[in-house]
1. Among the residues of segment 137-147, is there at least one that is modelled with pLDDT of 70 or more, β-branched (V, I, T) and either surrounded by fewer than 20 Cβ atoms within 10 Å (Cβ to Cβ) or in the same structural domain as S447 (by TED's automatic domain parsing) (or both)?
2. Kindly establish whether S431 is at pLDDT below 80 and either closer than 15 Å to G167 by Cα or among the hydrophobic types (A, V, I, L, M, F, W, C) (or both).
3. Taking the options A252, A313, name whichever one is modelled with pLDDT of 80 or more, buried (at least 20 other Cβ atoms within 10 Å of the Cβ) and among the small types (G, A, S).
4. If Y552 passes every condition in (1) modelled with pLDDT under 75; (2) within 30 Å of V168 (Cβ to Cβ); (3) touching an Asp or Glu at 6+ places or on another chain (Cβ under 9 Å) but one, which one does it miss?
5. Return the residues of segment 279-298 that are touching a Leu at 6+ places or on another chain (Cβ under 7 Å) and assigned to a helix (DSSP H, G or I); say none if nothing qualifies.
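The values are calculated or read from the model by the stated rules, or taken from the named source; none is laboratory data. This one's a predicted model, so the numbers in the text were calculated from it and none came from an experiment. So basically every Cβ, Gly included, is an ideal-geometry build from the backbone, and we count neighbours across all protein chains shown.
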Amino acid sequence: MLDLVLQAFQTLFSPENFPFLVMGVLLGLVIGVFPGLGGIAGLSLLLPFIYGMDEVSALATLVGLVAVIPTSATFTSVLMGIPGSSSSQATVLDGFALAKKGQASRALAAAFSSSLFGGLFGALILTFFVQIARPMILLFGSAELFMLAIFGISMVGSLSGKSVIKGVIACGLGLLIGSIGAAPATGEYRMVFGINYLYDGIPLVIVALSIFAFPEISELFRKDTAIAEGAKLDKGGWFVGIKDLLKNKWLALRCSGIGTIVGAIPGMGGSVVDWIAYGHVVQTSSDKSQFGKGDIRGVIAPESANNAKEGGALMPTLLFGIPGSGSMAVFLGGMVLIGIEAGPSMVTKDIDLTYTIIWSLAIANVLGAGLSLLLAGPISQLTRIKFSLLAPFMIMVISFAAFQATKDIADLWVLLIFGMLGIFMKRFGWSRPAFLIGFVLATQAESYLNMSVQFYGFNMFFRPGVIVILILTLLSIYFSRRGGSVDENAELIEKGLKQKIKLAPQILFASVIGIFIIINLWDSIQQSFLGGVFPMAISIVLLPFIALLFYYYLNDRQERPEIFDTELVAEPGTFKSAWYEPLVWVGGLYLLSVILGFIPAIILFFVFFFTFKANTSWLQTALLTFGGVALLMIFSHFLNLELPQGLI
């Protein structure tokens, strides 16, 4: 075994192969910086170029790219509050809070060093367990996978904020929206109302970008200040971040283990691993007071897990030809293109290629984390720039990234609609992480439940693996409520700036959610049993919670610790414009995109925004507009990505 490992190392570092690994790493860093693109887009871009390449060079390029995307995706998660990828969602909660305190370089350094640790851990586990992992992975049937989805949902207790009621409803709302489209068991279409766009469901990238990015952009937009307003940037923050990792090394080790295990389970993928790791650190911490407000542990946990999961995801991909995630599915296609067949042969006659993949994974993590650490300090300076100068670029990037989901102009309008939902959820104290967990796990939970009932019936609950995961889930629920949970808006409440709360907007918002739940219940009744039972059950469970929420709204007028409007507890004069103004600007951009196309629309958007909102000179406006549009066109050209086309 040792001879094979050393031989693979020597082959990878040969002058013929190593440059391709570096190229994959650099491309992965660039793609990762753009929110929402992720490994699927990057790997899809590479496939035409690897055809006919040498096996080792092609594998090194593919692994180099996929290994570092979770690392570079951290830049936007920390600096702008925009999830860079599906596995960097949880990093936003504390990473962006640290950036607003002027500790962006510390958060980035902790994130990158944790990513390096997790990536190397995943490669190490893959090295030693690749030949014995097969029977372990086969232990997970549909019943165990369903319980794992329920285990992920149990993290809602840690992330529901001050109101458990709102947290449960938010999670249920995510489950219902995640079930829009074709039912996994029967193919019946649910909640589509004849709208073509909804037949395939709503893409995760759009929901994640809108729910997290829009509220932060809206708040900073209205304040018209820098992200790190009034806070001095931490000097030597990169060194402090590395020390944070060393201080929390056992946490990083545990979360790397979680990432490897979850990554190795086909179907779970990277969309939930960061939330499980984040929920774990919240549940196991004696002091939960700083989570959501800038706790460095809230960065270390998800970042060590999301890089470790790549090593785990390679196990079922290589051993069974079963991709553990979307990016692994494309990776599998790349293996076929270069003539490599995944399966048992990868641990017998092709074991040398397996170890080449492992070495590529380890070295790519070192290169990616090293380059990112070098850039952490300079890039963190972005948090000192007045936000009105950054806002157009951020809106351009998330719009461009969202459009890549289905290449339909409706992507932009759905982004805007869910952006409005995210703004109201944050304003009225509804847990956005709980909503996103529900949305991510909806399809997996329903699919595995249907299969389990058909395969095992009620005996599914007596399988040893199911019992173990059920016990872990119950422990998770217990520990999540012991000592409180993460509250995104706790900082405002602690300031003691409460004013008279207006309940009318909150009641209206809750009413809209209640109506949506009732419509969902009505729609599910029209389906067959297997097609409608999942959304029907969720709707029935949610209705008593909605009723209880209205009871508190209408009767408990003296003490409402869980019902507050964050906008109304902010300092007077904090906001310089109305809450809907950012939506008007973005809506105008999308309307122009429908008529003129994205490039002419973004040019007009930049010119008007910089001139009338940012009050820049004509020269500054021209330079900023040219720079933004040029960057967009260069990126879309070289990555062969599409832009919205207009009617004209």
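1. Start the filter on segment 137-147 by keeping residues that are modelled with pLDDT of 70 or more, which leaves 141-147.
Cutting the leftovers down to β-branched (V, I, T) gives us none.
Checked segment 137-147: no residue is modelled with pLDDT of 70 or more, β-branched (V, I, T) and either surrounded by fewer than 20 Cβ atoms within 10 Å (Cβ to Cβ) or in the same structural domain as S447 (by TED's automatic domain parsing) (or both).
2. Numbers: at pLDDT below 80: no; either closer than 15 Å to G167 by Cα or among the hydrophobic types (A, V, I, L, M, F, W, C) (or both): yes.
Judged against the criteria, S431 is not a match.
3. On the way: A313 fails: modelled with pLDDT of 80 or more.
Exactly one residue qualifies, and that residue is A252.
4. So Y552 meets the others, but not (1).
5. G279, V281, R297, G298
Residues are listed down the side, and each one gets a yes or a no for (1) at pLDDT 80 or above; (2) within 19 Å of K166 (Cα to Cα); (3) of a type in the set (G, A, S); (4) in a helix (DSSP H, G or I):
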residue: V453; (1), (2), (3), (4): no, no, no, yes
residue: L497; (1), (2), (3), (4): no, no, no, no
residue: I501; (1), (2), (3), (4): no, yes, no, no
residue: L508; (1), (2), (3), (4): yes, yes, no, yes
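Residue-by-condition table, conditions (1) free of Cβ contacts under 8 Å to residues at least 40 places away in the same chain; (2) of a type in the set (D, E); (3) buried (at least 22 other Cβ atoms within 10 Å of the Cβ):
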position	(1), (2), (3)
W359	no, no, yes
I363	no, no, yes
P378	yes, no, no
Q381	no, no, no
K386	no, no, no
I395	no, no, yes
L416	no, no, no
P433	no, no, yes
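Results for (1) at pLDDT 80 or above; (2) assigned by TED's automatic domain parsing to the domain that holds E55; (3) touching a Lys or Arg at 6+ places or on another chain (Cβ under 9 Å), shown as yes or no for each residue.
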{"residue": "A329", "(1), (2), (3)": "no, yes, no"}
{"residue": "L332", "(1), (2), (3)": "no, yes, no"}
{"residue": "V336", "(1), (2), (3)": "no, yes, no"}
{"residue": "I340", "(1), (2), (3)": "no, yes, no"}
{"residue": "P344", "(1), (2), (3)": "no, yes, yes"}
{"residue": "K349", "(1), (2), (3)": "no, yes, no"}
{"residue": "S360", "(1), (2), (3)": "yes, yes, no"}
{"residue": "V366", "(1), (2), (3)": "yes, yes, no"}
{"residue": "G370", "(1), (2), (3)": "yes, yes, no"}
